[in-house]
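Comments concern the structure below.
Where a number appears in this text, it was derived from the coordinates with a stated rule and is not lab data. Keep in mind it's a predicted model, so treat the numbers as computed, not measured. We place every Cβ from the backbone using ideal geometry, glycine too, and count neighbours over all the protein chains shown.
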Amino acid sequence: MKKVDFPIDKREWHPGLIPGPVVLISTCNSKGEPNIAPKSWLQMVSFEPPILMFSGTKDNVTERNIVENEDFGVNFVNSSMAPRVYGCIQWSGQERIEKTGFTLVKATKIRAPLVDECNAHLECRLHSTAEVGSGFIIYGEIVVASILEAILQVGYEERYKLLDQIVFLENAMFSRICNVEQIEQIAAAY
C-alpha cells in the first residue's frame, strides 16, 4: 500500500489524524465570575493520582483563571450540543454563557461551576503547568467525577451511546463516538 507525504502542521490536516474529545472547560476568576471554553486537546496522563492534561494558550482567560484559582471543571459535550459549543468561540465571558444558553451549576469540591447540560463532569484541582512550544499545558488532578445515572443503568457498550461523546476532527467537523467494538471480537477475525 503506497503512502504519500502529509503536512506536519495539524492546521493543514485533511483528514485530521488526532481527534480529541470535545469538552467545555469551566472556570471562574478571582471575583467569582464564571467562564466556559471549548477544548479538544485533552487526555489522561496518570492513574495514580488521577491526572489529566489539556493544552491551551497561556494568556487565554481560561488558563489565567485556572492558574489564579487552582481549579477547573471538565464538562463532556454530547452531540446535541456541538453547534452551540462550536459557535460559542465568537463570544467570551458572560456573553458566551448567555448566548449559548448553557446552565451553570455548583460543583461539589471546586469553586468553578459545571455545565448542567453535559452528561458527565470531572472536577479538577490544578496540579501543575508547562509551556511546550506555543502550547500551555494544564495538568489537573481529578477530585470528583460524576455522570448521568441513567448511563450506568445499561450495559457497557450502550453506555457510550448514551454518553454521546463527540471528538473534534478539524474546522467545524466532529464525529460521534457511538460504534463500540471489543478488541476480542476484532482480534478473532485475524
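Could you give the size of the charge dipole of region 19-188 about its Cα centre, using +1 on the Cβ of each K and R and -1 on the Cβ of each D and E, expressed in debye and rounded to the nearest 20?
Working: 14 positive and 21 negative charges, 74 e Å.
With Lys and Arg at +1 and Asp and Glu at -1, about 360 debye.
Which of these, E117, E149, E170, has the largest mean-square fluctuation under a Gaussian network model of the chain (Cα springs below 10 Å)?
Maximum among the listed residues: E149.
Express the relative contact order of region 19-188 as a whole percentage, based on alpha carbon pairs under 8 Å and six or more residues apart in sequence.
Averaging sequence separation for qualifying contacts and normalising by length gives 25 percent for region 19-188.
So which residue, out of D59, D116, D71, gets the largest mean-square fluctuation from a GNM of the chain using Cα contacts under 10 Å as springs?
Comparing D59, D116, D71 in the GNM, the peak value goes to D59.
Residue separation times 0.36 nm, minus the C-alpha to C-alpha distance between S128 and E33: what's the value?
31.9 nm
For the chain, modelled as a GNM with alpha-carbon contacts under 10 angstrom, which of A150, A112, A120 fluctuates the most?
Evaluated over the chain, the most mobile residue of the options is A150.
Determine the calculated [θ] at 222 nm for the chain from helices alone, applying -39500 (n - 2.57) to every DSSP H run no shorter than 4 residues and normalising by the residue count; nearest 500 deg cm²/dmol.
-5000 deg cm²/dmol
If every alpha-carbon in region 1-79 counts as one equal scatterer, what log10 I(q)/I(0) does Debye give at q = 0.11, 0.13, 0.25 1/Å?
-0.40, -0.53, -1.23
Please give the length that would be gained between V67 and I18 if that part of the chain were fully extended, namely 0.36 nm times their separation in residues minus their C-alpha to C-alpha distance (nm, one decimal).
Full-extension gain reported as 14.9 nm.
With only alpha-carbon atoms in the gyration tensor, what are the semi-axes of the equivalent ellipsoid for region 110-173, in Å, largest first?
Working: eigenvalues 143, 68, 24 Å².
Sorted largest first and rounded, they come to 27, 18, 11 Å.
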